[in-house]
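Here is the structure we will look at.
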Amino acid sequence: MKTLITISWRNIWRHPARSSVLLVAIIVGLWAGVIAVGTMNGLMQQRMDYMIESEITHAQIHHPEFLAEGNSWMFIPEHDRIAAWLENDPRVVSYTSRTLTDGMLQSPVKTSGVRIRGLDIESESRTTTFHENMVEGEYLDTDMRNAVILGKRLAEEHNMEIGNRIVLTFEDINNELTSASFNIAGFYESASSDYDRRNVLIRSEDFLDILADRSIYHEIAIMLENEDKATAFVADLNSEFSGITAQTWRELSPELSMLVELGGIMVYFITMLIMIALAFGILNTMLMALFERMREISMLISIGMSRLRVFLMIMLESIVLTVTGAATGFVLAWLSLWHFTGAGINLEIFAGEEGFAEIGWDQFVYPIMSTGEYVAIISVVITITLLASLYPALKAIRIDPLEVEK
Amino acid sequence: MPIVKTKNLSKVYNPETVPVHALRDVNISIEKGEFTSIVGPSGSGKTTLLNMIGGLDKPTSGTVEVNGVQITGMKDSKLIDFRLHNIGFVFQHYNLIPVFTARENVSFIMLLQGRDKKEMQQRADELLDQVGLGDRKDARPAQMSGGQQQRVAVARALASEPKFILADEPTANLDGASAMNLLDIMQRMNREQHVTFVFSTHDKRVIDRARRVITMVDGAVHSDEYQKAEEYDESKA
C-alpha cells in the first residue's frame, strides 16, 4: 500500500501545473464552502438570537384570540397565578408582562396606525435587550411624564423631535375610544425598519391608567434556559392553565422559523454545488491522466499487476489529491473562521449599512460551524471523491494490453 | 520439459465478418536456456505468437503450455498472477514507470510478488550492475538514453526470476551501438545464467545473435532452424 501511495503521489506531480490547478480548485472550493456555510449559519443564528432576545423571547402567553384580533379586552386571565407558576419553574430565566393594544398615532404632520406597547421597565430590561436599541434620547426610565419611545423611522415620517408631543388613540377594555397625549423621550432603532415604523413604547403604568381600571396584561414574554426546552415548556403551560395560549418562538414567528430552515437548505445547496464542481474537476483530471498513461497501465497489467491493484492505484491518486487539497482547504477555512468569529464579516460592501438595516439584518456576521457540519462536509468530500474516481478507475481495469499496443 | 510449448495454435480475427488468420496451426517447443528469434515480415504473426506465449492473447484454437502448465483458458486474474511469477517482458517502447527511478522500476515487479524489501533492493542493485547501470540507479527514465532505458527494462524483466523472457522487437527504437550493447548483455545472461530469451524481431543484428530462428510467414511456421550465433564479445558488455 505504501508503494501504491508513493506511486500515486508521484503520478499526481507528473503534471505539476494541472495538479496544482485542481488542488487550488479543491482548496478554494472547500474554503469557500465552509465560509459560506459558516456565514449562512451565523446570519441565521444572529437573526434568530436578535429576534428572540430583543423582542419575541423563547415563549409567549396570550389570550387565545389576542394575536388574531388584538382587542384590548382580550387580556390574560389569572395573570398573577401564571406569574407565580413562572416564578417557581426552574426552566424560566426571566419573564415580563406587557400591556398591548393597536391604536392611532397623531402628530401635526399625519396619522399612523401603531401598536402601543406598555412595558414594565424593570422586568423588560431583565428579559429582553430591546433597551439597547435606543439611538437618541432616554429610555422609559426617564422622569418625563407620559413618556413615549418611537422608532427612529416613524419619528422621521412625522418630523418629530425629542420633547415633541403626540396623541395616541385606542379602545379601552370597555370598547370606548380613548386618547391621551405623550411626550417623546427617545428614539429606538431595531434591526427591522418595519417594526420601527409600527411600534411605540410607553410605561405600562401610564398605559393602565387610561386603558383599564386594574392591572391587565396581554402578553407574557418568557426567556428560558435554552431554546430546546421551549416546546415542552409551552406544552406544560397549556395543560396547566385554561383560557390562555402559550406558544414557542417558532409558532409566534413562523417566518423567522422558516428563514432558519431555509438557511439550512441553502447551506446544503451551496455545499452540493461546490461538491459537484469538485467531482467534475477530479473526474476530468483523472480521465486525462488515465488517457495519457494507457500504455503504462497496459504494461503494468502485462507484467503481472493485478487489476485490483490498478484500480486501487487510480483511486488512491484521486484520494491523495483530494485529501491534500481538502486538508489544506479545511485548515485555511478553520483559520479564516477563527478570525471572522472574532472580527466578524462586514457585509456592508454588498448592500451598505442602510440596506441591511432595511431588511432587519446586522451588517456584521459572525460565522458559526458546528463539529457536525465539519464532519458532514468531510464525509461529503470523501464520498464525492470516491464516486468521481470510480469511473476512471473502472476504465483503467478494463484496459486490454493488446488493444493499447495496437 | 520444454519451457514453452504450443500445440496447433491458431488465431483468427473477425471470424464472423472478414476472417484474418493471424496464426495457423503453430507447433513450437522452446527449451530452457534457448536464445530464440521469431522473425518474419510485418503481418506474419510473430507478435501474435509472442502475445499467445505471454498469455496476453487467447487463441481461437490450440493450446499454450508454459513450464508444463496450460495457460490457455486460464482465468484473467489467474493469468495475470501467472505472468507475474513466470514470464518476463521487454517491450519495444521500454514502458518504464516515468515517476520511478531505475532501481524502483526494477524493484516494483518484486514488490508485486510480495518479496522482502531488503531482498528487493539488493537484487535490483545487482541486476542494474549486471546491465551496466550501477551508476544510474537513482536516475529516472527521462534522465536516461533509450539504450539505458531498455537495459533497465531487461533488468526489470529478470527481477521476477521468470521462466523465460519475451522481448517484442527490443532493439527497434535503439541506435546501432545501444542495440549491440543490449544484445551483448542479454547474450551474456543467456550463456552465464541460462536465462531463456524469446524475441520477435526483424532486426538482422538480433537474428545474427540468435541460436535458433523461427521464421513466420502468413501466420504459419515457415522454418525453424538452429544456427551458429555471432559470438558474445566480452569487451562490449
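The values are calculated or read from the model by the stated rules, or taken from the named source; none is laboratory data. The structure displayed is predicted, hence computed values, not measured ones. Glycine also receives a Cβ, built like all others from the backbone with ideal geometry; neighbour counts cover every protein chain displayed.
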For this session: For the range A:283-296, name all the residues that are surrounded by fewer than 21 Cβ atoms within 10 Å (Cβ to Cβ), more than 10 Å from chain B (Cβ to nearest Cβ) and not acidic (Asp, Glu).
Result: A:Leu283, A:Asn284, A:Leu287, A:Met288, A:Leu290, A:Phe291, A:Met294
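Would you confirm, using the coordinates I've provided, whether A:Ile26 is part of a loop (DSSP other than H, G, I, E, B), touching a helix residue (DSSP H, G or I) at 6+ places or on another chain (Cβ under 9 Å) and either within 14 Å of chain B (Cβ to nearest Cβ) or surrounded by 19 or more Cβ atoms within 10 Å (Cβ to Cβ) (or both)?
Numbers: part of a loop (DSSP other than H, G, I, E, B): no; touching a helix residue (DSSP H, G or I) at 6+ places or on another chain (Cβ under 9 Å): yes; either within 14 Å of chain B (Cβ to nearest Cβ) or surrounded by 19 or more Cβ atoms within 10 Å (Cβ to Cβ) (or both): yes.
In short, no.
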Exercise. Looking at the range B:9-49, which of its residues are in a strand (DSSP E or B) and among the polar types (S, T, N, Q)?
Worked result: B:Ser10, B:Ser29, B:Thr36, B:Ser37
Exercise. Residue check, B:Ser10 against (1) hydroxyl-bearing (Ser, Thr, Tyr); (2) in contact with a Pro (Cβ under 9 Å, 6 or more places away or on another chain); (3) loosely packed, with under 15 Cβ neighbours inside 10 Å, all met but one. Which one?
Worked result: (3)
Seminar exercise, completed: A careful count of residues in the range B:101-118 that are surrounded by fewer than 20 Cβ atoms within 10 Å (Cβ to Cβ) and either in contact with a Gly (Cβ under 9 Å, 6 or more places away or on another chain) or facing chain A (nearest Cβ under 8 Å) (or both) gives 2
Seminar exercise, completed: Restricted to the range A:339-359 and to residues being surrounded by 12 or more Cβ atoms within 10 Å (Cβ to Cβ) and farther than 18 Å from A:Ser192 by Cα, the residue modelled with the highest pLDDT is A:His339
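Say whether the condition of being within 30 Å of A:Ala289 (Cβ to Cβ), within 13 Å of chain A (Cβ to nearest Cβ), free of Cβ contacts under 8 Å to residues at least 60 places away in the same chain and not in a strand (DSSP E or B) is met by at least one residue in the range B:58-71.
So in the range B:58-71, the residues within 30 Å of A:Ala289 (Cβ to Cβ) come out as B:58.
Still in the list and also within 13 Å of chain A (Cβ to nearest Cβ): B:58.
If we keep only those that are free of Cβ contacts under 8 Å to residues at least 60 places away in the same chain too, we end up with B:58.
Okay, now just the ones that are also not in a strand (DSSP E or B), so B:58.
Yes; the residues of the range B:58-71 include at least one that is within 30 Å of A:Ala289 (Cβ to Cβ), within 13 Å of chain A (Cβ to nearest Cβ), free of Cβ contacts under 8 Å to residues at least 60 places away in the same chain and not in a strand (DSSP E or B).
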Seminar exercise, completed: Over the range A:80-110, the set of residues basic (Lys, Arg) and not in a strand (DSSP E or B) is A:Arg81, A:Arg91, A:Lys110
For this session: Determine if the range A:267-282 includes at least one residue that is within 14 Å of chain B (Cβ to nearest Cβ) and either within 30 Å of B:Asp76 (Cα to Cα) or of a type outside the set (Phe, Trp, Tyr) (or both).
Result: no
Problem set entry | Output for the range B:85-111, where each listed residue is within 19 Å of the chain's Cα centre (by Cα), in a helix (DSSP H, G or I) and of a type outside the set (Gly, Ala, Ser) | B:His85, B:Asn86, B:Asn105, B:Val106, B:Phe108, B:Ile109, B:Met110
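Search the range B:72-88 for residues being touching a residue at least 24 places away in the same chain (Cβ under 8 Å) and over 14 Å from B:Val4 (Cα atoms), and hand back the single one that is farthest from the other protein chains (Cβ to nearest Cβ). Give the derivation first.
To start, the set of residues in the range B:72-88 that are touching a residue at least 24 places away in the same chain (Cβ under 8 Å) comprises B:79, B:82-88.
Filter once more, so that each one left must be over 14 Å from B:Val4 (Cα atoms): B:79, B:84-85.
On the way: B:Leu79: 9, B:Leu84: 3, B:His85: 7 Å.
Restricting to residues being touching a residue at least 24 places away in the same chain (Cβ under 8 Å) and over 14 Å from B:Val4 (Cα atoms), the top hit is B:Leu79.
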Exercise. Can you tell me which residues in the range A:379-401 are aliphatic (A, V, I, L, M), part of a helix (DSSP H, G or I) and surrounded by 15 or more Cβ atoms within 10 Å (Cβ to Cβ)?
Worked result: A:Val380, A:Val381, A:Ile384, A:Leu386, A:Ala388, A:Leu390, A:Ala393, A:Ala396, A:Ile397
For this session: Pick out the one residue from B:Leu174, B:Leu127 that is surrounded by 19 or more Cβ atoms within 10 Å (Cβ to Cβ), in contact (Cβ under 8 Å) with a residue 24 or more places away in the chain and part of a loop (DSSP other than H, G, I, E, B).
Result: B:Leu174
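Pick out the one residue from A:Ser370, A:Ser318, A:Ser336 that is surrounded by 16 or more Cβ atoms within 10 Å (Cβ to Cβ), modelled with pLDDT of 85 or more and polar (S, T, N, Q). Write out each step before concluding.
Details: A:Ser370 fails: surrounded by 16 or more Cβ atoms within 10 Å (Cβ to Cβ); A:Ser318 fails: modelled with pLDDT of 85 or more.
When all the criteria are applied, what remains is A:Ser336.
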Exercise. Right, B:Asn51: out of contact with any Leu (no Cβ under 8 Å at 6 or more places or on another chain) and within 9 Å of chain A (Cβ to nearest Cβ) or not?
Worked result: no
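Taking A:Trp13 as the residue in question, decide whether it is in contact with a helix residue (DSSP H, G or I) (Cβ under 9 Å, 6 or more places away or on another chain) and either closer than 24 Å to A:Asp196 by Cβ or within 14 Å of another protein chain (Cβ to nearest Cβ) (or both).
On the way: in contact with a helix residue (DSSP H, G or I) (Cβ under 9 Å, 6 or more places away or on another chain): yes; either closer than 24 Å to A:Asp196 by Cβ or within 14 Å of another protein chain (Cβ to nearest Cβ) (or both): yes.
So A:Trp13 passes the test.
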Problem set entry | Checking B:Gln121 against (1) surrounded by fewer than 23 Cβ atoms within 10 Å (Cβ to Cβ); (2) away from chain A (no Cβ under 14 Å); (3) out of contact with any Leu (no Cβ under 6 Å at 6 or more places or on another chain), the condition it does not meet | (2)
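Tally up the residues in the range A:154-172 that are in a loop (DSSP other than H, G, I, E, B) and under 26 Å from A:Arg214 (Cβ atoms), please.
If we filter the range A:154-172 for residues that are in a loop (DSSP other than H, G, I, E, B), which is where we start, we get A:158-164, A:172.
With the extra rule that they be under 26 Å from A:Arg214 (Cβ atoms), the set shrinks to A:172.
Qualifying residue count for the region: 1.
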